[in-house]
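Working notes, beginning with the structure itself.
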Amino acid sequence: MRRVLLAVAVSALIAGAYAQWNVIIIQSQGVLNPGGVQTSVPAQVFVNPLPQVTFLTAAGNPHPILVGDGTSFTNASYSATYRIQATAGGQLTGFNFVISAFLQGSAQITWQKKVVRTADNAILYNQTDTITGSGPIVVSLPVSLPAPASDVTVYEDFSLSISGPAPGTDTASLLLVQQDWVPEPASLLALGAGLAGLIGLRRRIR
C-alpha cells in the first residue's frame with residue numbers, strides 16, 4: 001500500500017511540475033480577396049506535458065484559408081500571434097514547425113515566422129520561405145533557438161496566391177499550421193527518469 005501511495009504521489013508531482021506552460025492566442029485571422037472577406041481560424045492548444053499550438057486553417061469561419069479551387073478568391077492572407085509563458089521555471093529551446101497545404105496549378109504559399117523573447121524583444125527566429133508544387137504538401141522544420149527563453153511571442157504570416165483566372169482549377173489551400181515546442185534538455189531528462197521510475201515501481205507491485 002505504501003508503494004502504491006508513493007506511485008500516486010510521484011505521478012501527481014510529475015504532472016504538476018510539467019503542466020507549466022501558459023499559452024495565449026492573441027490573433028488568428030484571415031482575409032480572402034477580392035472582397036476583403038475576413039475569416040476566423042480556430043486554434044487548438046495543449047500545454048501538458050509540452051506546449052503545442054495548432055491553427056486549424058481548413059476550419060476557418062466562414063471560409064477556410066483557400067483561394068482558387070472554383071472560388072472567386074485569387075489571393076489571401078492569414079496571420080496568427082500567440083505567446084507562451086513558463087509558469088514553473090521552464091525554458092524553451094526550440095520547436096518543430098509543420099505546415100500542411102494543398103497546391104495545384106500556378107498556386108503558391110509564402111510564409112514568415114518570427115519568435116521574439118518577450119522580456120527584451122530580442123528576435124530568436126525569423127524565417128521566410130515560399131511553398132510551390134502540386135498536390136498535398138507537408139513542410140516540417142525542426143528549429144533550435146539561439147538562447148533558451150521562458151516567455152516568447154510568436155508571429156506567423158501566410159500569403160496565398162494563384163496567377164490563373166478565377167474561378168478555375170488552380171488551388172492554394174492552407175490546411176494546418178502546427179508547432180510543437182521543446183523545453184530545455186534537463187526538463188526532458190527529468191520527465192523521462194520520473195516516468196521510468198513509475199514503470200519500474202508498477203512492475204514490482206505486480
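Data table
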{"item": "Qualifying residue in region 148-164 (condition: at pLDDT below 90 and not hydrophobic (A, V, I, L, M, F, W, C))", "result": "yes"}
{"item": "Whichever residue in region 5-21 is outside any helix (DSSP H, G or I) and surrounded by 14 or more Cβ atoms within 10 Å (Cβ to Cβ) and, among such residues, is modelled with the lowest pLDDT", "result": "Gln20"}
{"item": "Search result, residues across region 138-168 that are hydrophobic (A, V, I, L, M, F, W, C) and more than 12 Å from the chain's Cα centre (by Cα)", "result": "Val138, Val139, Val143, Leu145, Ala147, Ala149, Val152, Phe158, Leu160, Ile162, Ala166"}
{"item": "Residues that are over 16 Å from Ser159 (Cβ atoms), crowded, with 19+ Cβ neighbours inside 10 Å and aliphatic (A, V, I, L, M), drawn from region 87-123", "result": "Leu92, Val115, Val116"}
{"item": "Close pairs (9 angstrom Cβ cut-off, 6 or more residues apart or separate chains): more than 17 Å from Ser140 (Cα to Cα) in region 96-123, of a type in the set (Lys, Arg) anywhere", "result": "Thr118/Arg83; Ile123/Lys114; Ile123/Arg117"}
{"item": "Only one of Gly35, Gly30 that is surrounded by 17 or more Cβ atoms within 10 Å (Cβ to Cβ), out of contact with any Leu (no Cβ under 8 Å at 6 or more places or on another chain) and touching a residue at least 12 places away in the same chain (Cβ under 8 Å)", "result": "Gly30"}
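The values are calculated or read from the model by the stated rules, or taken from the named source; none is laboratory data. Computed from a predicted structure; not experimentally measured. In this analysis, Cβ positions are derived from the backbone assuming ideal geometry, glycine residues included, and neighbour counts consider all displayed protein chains.
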